[in-house]
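Take a look at the structure below.
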Amino acid sequence: MANFQADSSTRRRGRSRTSETAPPSLVEILNRVRTEHSTTRQDLERDTELGRAVVADRLAALNEIDLIDESGLGVASGGRAPRLVRFSTERAHILVATLDQHALGVGIADLGGRLIMEHHEEADLTGPVSMLCDRLTTLFRWIMDRQSAKHELWGISISTPGAVADGTETLFQLSTPPVLPGWEHFPLVERLMEAFHCPVWLRSSVEAMTMGELHAGSGTGCRTMLFVKVGKRIGAGLVSEKVLFRGAQGAVGLIGSVPVSLGDRTGTLESMAGSDAIAEEGRAAAERGQSPLLTDFVRRGQEIDALQVAQAAQLGDRAAIEILSQSGRLIGQVIATLANMLNPELIVLSGSIAQSNDILLAAAREAIYGACHPLVSRDLQIIRSQMGSSSGLVGAATTAIEGLFAPSTLREWIMAGRPQAHPLFTSLMTRIATEVQSDNKAPNPPAKKRGEA
Amino acid sequence: MTITGLGPHGEHASAPERVLLLPEDLARSRTAEFRVAIALHTTVSDWAKQLQAGLVGTLGGAGVAVIEVADCAFTSDVQIEALDRMIQNAPDAIVSLPVANAKVADAHKRIAAGGIKLILLDNVPTGLLPAKDYVSLISADNFGLGKMAAESLSAHVAYGATVGMLAYDADFFATNEREIAFIKWMQINRPDIRLVTRRFSEVSEAGRSTRVLLDELPAMEGLFVVWDTPATEAAKVIVAAGRAVSIATIDLGKAAAIELAAGGVLVSVAAQQPFRLGQTAASATVTALLGRILPAWVALPGIPVTPDNVVESFQAIWQSPAPRELLLRKRLIE
């Protein structure tokens, strides 16, 4: 370990110990390097106002725990080329997953949030949580086997279909929140921690996708962005000053619950314009014989879902085009209200319907531009996401990385060089191990007597 | 036949009919004098030859000139060099089968940055996004192929059997999907089976890896190999060792078809449709060049092939008569 852990007995009275003063400056230096705000020793000395010896000492410490790399050279401005100080994104990996209504995505990312590999497959989230946990564990182990043999695992981050209440006490999960039905009875977070020995983060899929879009998609470099996911549920994520806005309870953007009207019908946005509504309208159009393509689907024994309506619309089916246009207009009206309130520079529409189809996007655009104040709409860009479900995986990785390197968290583990040394994590692992032990020791229920039912 | 897998970014598959070229499309394309370059992982395998036939032929029918077909020899550096050379020649589009992920990602990103349309086959390098870095991915339903192989092999192995899997040691979307699907099907439907995986980096290692599996697993009854060329190498080793191991694989190359017809150790093939894949990739390329929107992922279903239907499957997939040796083995000729 570096000299900031030197024996305190040699120090003079009254002077603070290095082990007490080092963490704050280590945290500051590491985060400046990680976010590329400072890229040389000279930058660090100037930006942190720390002395040359202190900066050198802290960099030596960070070097020793492989969190920075000083092998590269920068551009010389007269004299010798300065050594670049770069964050070692390959120091560890983060396992990521997205849980959607009908699909499951998994992947692995480095500490820079770069997705190294991903896999998506259909899944049924209404099944037992234990099955979901087994599938996640199997896929995570497969990825670790393929990708992470030489790297430590520092976290697991999962995006979920429902909102995750903001845990203000810590930046990683201390227990399994009841995000989905059944989760209140199954310790998913604890099982993953036990299996992979690392902290776990959870975020809503809309929040994770917003983070992903901001980090690696169309929102890169944006200060203010509104992200809207259209599926069975309709939700929005808000980025303000390049930061995800989470609100008081982590429940920002539940716009699917906003009431909307269409003729004499009134309902929530989700029930009137979500994928279930699109599918239902499609089935009705097929039954009425208004849509030749959808009627043909039914005649061939196929069940109509929202994606088929979208495909029929893309192929020119007039009834399907009207269904998607109507959905786009309703979504656009609600987004326009938000846009007038928040004045975003970019609105990104995501979700399989919005991404596979231009009609919904065009109708939403028309409604938004038509209802926005000229100042709001003047430079406003409305686009569809290009990242698909990958945005959820990238966003999940970003969530874990921001959690790991948040100064209040980082301070607790930086001296040990790995987040598993965080006191909350170690106590949590002890608790989980004790619970597992007591479960294993629990006496078997008495055997039934003969003749008992 | 439905598509069971999801795309590289979780997309739902679009059918090849989405990129169907109408007579007016062909007429417009013929007057535009488009130029296209092609970079393949190899040009010598049966699969690659079929793909090229469908691709180049359909492009020709649309009046598109193919100015280069590069054989990247499964090597990242060769592909990077080929793509950079192609970019210099400024074709209207490049059709590429990326041989790796992260290693070739930047070279593929340079294509769209140079104003050239990129159509990908089978694999998307890490970090590339549809509509931004590439137009569309055209591939088989590799997840479905893996499931198909598992289901067919399952019928040839007893309860509690040991099954080996010869997997590819490269981060490649298509083979990853096949491997994940094979394992998933077995875990759900045949939890009694013990699965053991060994990986090979090059086709030439497949025989050696098979020998290791045979030594390590004296009770091995079945073997899944992620594509046909290494599978035929594995079959030779198994026959030479005198072991009774049933093999299932993916892709119906000529050698695999003949082996299958012989009723030997190769018991089933989940076949891609490379000729049709090539045709679809060509249609997608022309569609993109005409400025029309394409789905992010177009997928073709697989075809289950057994010794019983190998002749007609060969004809359907290869669009040509089965070779004489295959017909001899099936005793259809003397």
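The values are calculated or read from the model by the stated rules, or taken from the named source; none is laboratory data. Here the structure is a predicted model, which is why all the values come from computation and not from measurement. Please note: Cβ atoms are built from the backbone with ideal geometry, for glycine as well, and neighbour counts cover all protein chains shown.
The table that follows gives values for the structure above.
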quantity	calculated
Single match in A:V252, A:V230 (criterion: out of contact with any Ser or Thr (no Cβ under 8 Å at 6 or more places or on another chain), among the hydrophobic types (A, V, I, L, M, F, W, C) and in contact (Cβ under 8 Å) with a residue 12 or more places away in the chain)	A:V252
Qualifying residue in the stretch A:378-400 (condition: out of contact with any helix residue (DSSP H, G or I) (no Cβ under 9 Å at 6 or more places or on another chain), closer than 18 Å to A:T224 by Cα and assigned to a helix (DSSP H, G or I))	no
B:G115 vs. criteria within 11 Å of another protein chain (Cβ to nearest Cβ), part of a loop (DSSP other than H, G, I, E, B), free of Cβ contacts under 8 Å to residues at least 60 places away in the same chain and over 15 Å from the mean Cα position of the chain (by Cα)	no
Matching residues in the stretch B:88-125 - criterion: being within 22 Å of B:E11 (Cα to Cα) and of a type in the set (S, T, N, Q)	B:S96, B:N101, B:N123
Only one of A:V348, A:V334 that is under 30 Å from A:D305 (Cβ atoms) and part of a helix (DSSP H, G or I)	A:V334
Listing of strands (runs of 3 or more DSSP E) fully contained in the stretch A:102-182 that carry 1 or more residues being within 12 Å of another protein chain (Cβ to nearest Cβ), out of contact with any Gly (no Cβ under 7 Å at 6 or more places or on another chain) and closer than 30 Å to A:I68 by Cβ	A:103-110, A:115-122
Filter result for the condition that a residue is surrounded by fewer than 18 Cβ atoms within 10 Å (Cβ to Cβ), touching a strand residue (DSSP E or B) at 6+ places or on another chain (Cβ under 6 Å) and either basic (K, R) or touching a residue at least 24 places away in the same chain (Cβ under 8 Å) (or both), over A:Q381, A:Q355	A:Q381
Tally of residues being touching a Lys or Arg at 6+ places or on another chain (Cβ under 7 Å) and either part of a helix (DSSP H, G or I) or among the β-branched types (V, I, T) (or both) across the stretch A:273-293	2
Flag if A:D66 is within 14 Å of another protein chain (Cβ to nearest Cβ) and of a type in the set (D, E)	no
Verdict on B:Q52 being surrounded by 23 or more Cβ atoms within 10 Å (Cβ to Cβ) and outside any strand (DSSP E or B)	no
Test: residue in the stretch B:17-24 that is crowded, with 18+ Cβ neighbours inside 10 Å, within 14 Å of chain A (Cβ to nearest Cβ) and in contact (Cβ under 8 Å) with a residue 12 or more places away in the chain	yes
The stretch A:31-46, residues that are surrounded by 14 or more Cβ atoms within 10 Å (Cβ to Cβ), in a helix (DSSP H, G or I) and out of contact with any Asp or Glu (no Cβ under 7 Å at 6 or more places or on another chain)	A:N31, A:V33, A:R34, A:R41, A:Q42, A:D43, A:L44, A:E45
Options B:A149, B:A107, B:A100: the member that is touching a helix residue (DSSP H, G or I) at 6+ places or on another chain (Cβ under 7 Å) and in the same structural domain as B:E179 (by TED's automatic domain parsing)	B:A149
Selected residue (only one of B:P98, B:P130 is within 11 Å of another protein chain (Cβ to nearest Cβ) and either in contact with an Asp or Glu (Cβ under 9 Å, 6 or more places away or on another chain) or of a type in the set (D, E, K, R) (or both))	B:P130
Residue, farthest from the other protein chains (Cβ to nearest Cβ), within the stretch B:200-221, restricted to residues that are crowded, with 19+ Cβ neighbours inside 10 Å and in contact with a strand residue (DSSP E or B) (Cβ under 6 Å, 6 or more places away or on another chain)	B:M220
First in the stretch A:30-47 and farther than 14 Å from A:R58 by Cβ, second anywhere and among the charged types (D, E, K, R) and loosely packed, with under 15 Cβ neighbours inside 10 Å, Cβ under 9 Å, 6 or more apart	A:H37/A:D47
Matching residues in the stretch A:218-236 - criterion: being of a type in the set (V, I, T) and not in a loop (DSSP other than H, G, I, E, B)	A:V228, A:V230, A:I234
Exclusive hit being buried (at least 18 other Cβ atoms within 10 Å of the Cβ), within 14 Å of chain A (Cβ to nearest Cβ) and out of contact with any Lys or Arg (no Cβ under 8 Å at 6 or more places or on another chain), set B:T197, B:T175	B:T175
Selection status of B:E325, surrounded by fewer than 21 Cβ atoms within 10 Å (Cβ to Cβ), in contact (Cβ under 8 Å) with a residue 40 or more places away in the chain, acidic (D, E) and over 24 Å from B:L137 (Cβ atoms)	yes
Residue list for the stretch A:270-294, restricted to those being at pLDDT 90 or above and either of a type in the set (V, I, T) or in contact with a Gly (Cβ under 6 Å, 6 or more places away or on another chain) (or both)	A:E270, A:S275, A:I278
Residue check, B:I94 β-branched (V, I, T), more than 27 Å from A:G392 (Cβ to Cβ) and in a helix (DSSP H, G or I)	no
Matching residues, the stretch B:138-193, being more than 19 Å from A:D134 (Cβ to Cβ), in a helix (DSSP H, G or I) and of a type in the set (A, V, I, L, M)	B:L145, B:M148, B:A149, B:L153, B:A174
Residue ID - farthest from B:R178 (Cα to Cα), chosen from residues in the stretch B:1-42 that are over 19 Å from the mean Cα position of the chain (by Cα) and assigned to a strand (DSSP E or B)	B:R35
Qualifying residue in the stretch A:294-306 (condition: in contact with a Leu (Cβ under 7 Å, 6 or more places away or on another chain) and assigned to a helix (DSSP H, G or I))	no
Matching option when the condition is without any contact (Cβ under 8 Å) to a residue 40 or more places away in the chain and either among the small types (G, A, S) or under 30 Å from A:S390 (Cα atoms) (or both), among B:G291, B:G302	B:G291
Test: A:A354 is within 27 Å of the chain's Cα centre (by Cα) and within 14 Å of chain B (Cβ to nearest Cβ)	yes
The stretch A:72-91 - residue that is assigned to a loop (DSSP other than H, G, I, E, B) and touching a residue at least 12 places away in the same chain (Cβ under 8 Å) and, of those, nearest to A:H37 (Cα to Cα)	A:V85
